[in-house]
Amino acid sequence: MKFSFKNLLVYSFLLILGYYLVTAISIYSYSKIDQTQKADAAIVLGTAVWEDEPSPVFRERIRHGIWLYQNNYVDYLIFTGGKGEGQKHAEADVAKKYAMEKGIPEDKIFMENKSRITDENLLFSKPILKNENFNKVLLVSDPLHMKRVMKVAEKHQIEAFSSPTPTSRYQSFPKKAGFALREAFFLIAIHLKQLFSL
């Protein structure tokens, strides 16, 4: 078969598309994994807040963290997330307020309230883990977010286990597919960054 630059472009596109779709499928498969077990603390990944209240997505994460504490899986909760653009309240501050209203003692809560992205959620939580001698943590987020979260934890050398929320606001296929495809983009970016840093 005659080789041409056009063929190269087509094959390259199909290869990239295939890799992208395989990554998205792996993210969906990983979302079914629940490694919940006894740990020192749960790190609850921040997301959007509405004024001084957690968004429905964030509320599910906070509730799961509370459930882990109440069922003796963890002794402490670490809420993460800073102020979004135009926001008056940091995500972690809103989460703490919500958890305390549900009966969680203040001295069982730690906050990381400077981060803006997932990588920073965990990077900025590391000093808390070190200061409190927390060696093992559960990571709490939406199921389709978990594969990337775990990859970031590995990058920062945090001994972590996946504890996805049992409920999610992303129920329909279009919403799940959109979430998985978006996560695939970010996960591939992590892989490429690691590859080129070798």
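The values are calculated or read from the model by the stated rules, or taken from the named source; none is laboratory data. Only a predicted model underlies this, so the values are computations on that prediction, with no experimental measurement involved. As a convention, Cβ positions derive from the backbone with ideal geometry for all residues, glycine included, and neighbour counts pool all protein chains shown.
Observations on the model:
- Only a single item in (1) more than 19 Å from the chain's Cα centre (by Cα); (2) closer than 22 Å to L181 by Cβ is not met by E85, and it is number (2).
This table checks each residue for (1) closer than 29 Å to I190 by Cα; (2) modelled with pLDDT under 95; (3) of a type in the set (D, E); (4) touching a Phe, Trp or Tyr at 6+ places or on another chain (Cβ under 6 Å).
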{"position": "Q35", "(1), (2), (3), (4)": "yes, no, no, yes"}
{"position": "V44", "(1), (2), (3), (4)": "yes, no, no, yes"}
{"position": "P56", "(1), (2), (3), (4)": "yes, yes, no, no"}
{"position": "N71", "(1), (2), (3), (4)": "no, no, no, no"}
{"position": "T80", "(1), (2), (3), (4)": "yes, no, no, no"}
{"position": "K88", "(1), (2), (3), (4)": "no, yes, no, no"}
{"position": "D93", "(1), (2), (3), (4)": "yes, no, yes, no"}
{"position": "G103", "(1), (2), (3), (4)": "no, no, no, no"}
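- Members of region 21-80 found to be acidic (D, E) and farther than 20 Å from G178 by Cα, listed by number: D34, D40, E51, D52, E53, D75
- Yes/no for E154 being without any contact (Cβ under 8 Å) to a residue 40 or more places away in the chain, assigned to a loop (DSSP other than H, G, I, E, B) and not basic (K, R): no
- Counted residues, region 28-71 - those being among the aliphatic types (A, V, I, L, M), buried (at least 23 other Cβ atoms within 10 Å of the Cβ) and under 17 Å from G82 (Cβ atoms): 5
- For region 116-163, filtered to residues that are at pLDDT 95 or above and of a type in the set (S, T, Y), the residue that is farthest from D93 (Cα to Cα) is S162.
- Of the residues making up region 1-27, those that are under 18 Å from the mean Cα position of the chain (by Cα) and either among the β-branched types (V, I, T) or buried (at least 16 other Cβ atoms within 10 Å of the Cβ) (or both) are T23, A24, I25, I27.
- Selection within region 71-106 - without any contact (Cβ under 8 Å) to a residue 12 or more places away in the chain and part of a helix (DSSP H, G or I): M100, E101, E106
- Tally of residues being in contact with a strand residue (DSSP E or B) (Cβ under 7 Å, 6 or more places away or on another chain) and of a type in the set (V, I, T) across region 1-46: 4
- Selection from region 109-146 of residues that are outside any helix (DSSP H, G or I) and β-branched (V, I, T): I109, I117, V137, V140
- Taken over region 104-136, the criterion of being β-branched (V, I, T) and either touching a Lys or Arg at 6+ places or on another chain (Cβ under 6 Å) or crowded, with 17+ Cβ neighbours inside 10 Å (or both) is satisfied by I104, I109, T118, I128.
- Within region 1-49, being part of a loop (DSSP other than H, G, I, E, B) and among the basic types (K, R) holds for K2, K32, K38.
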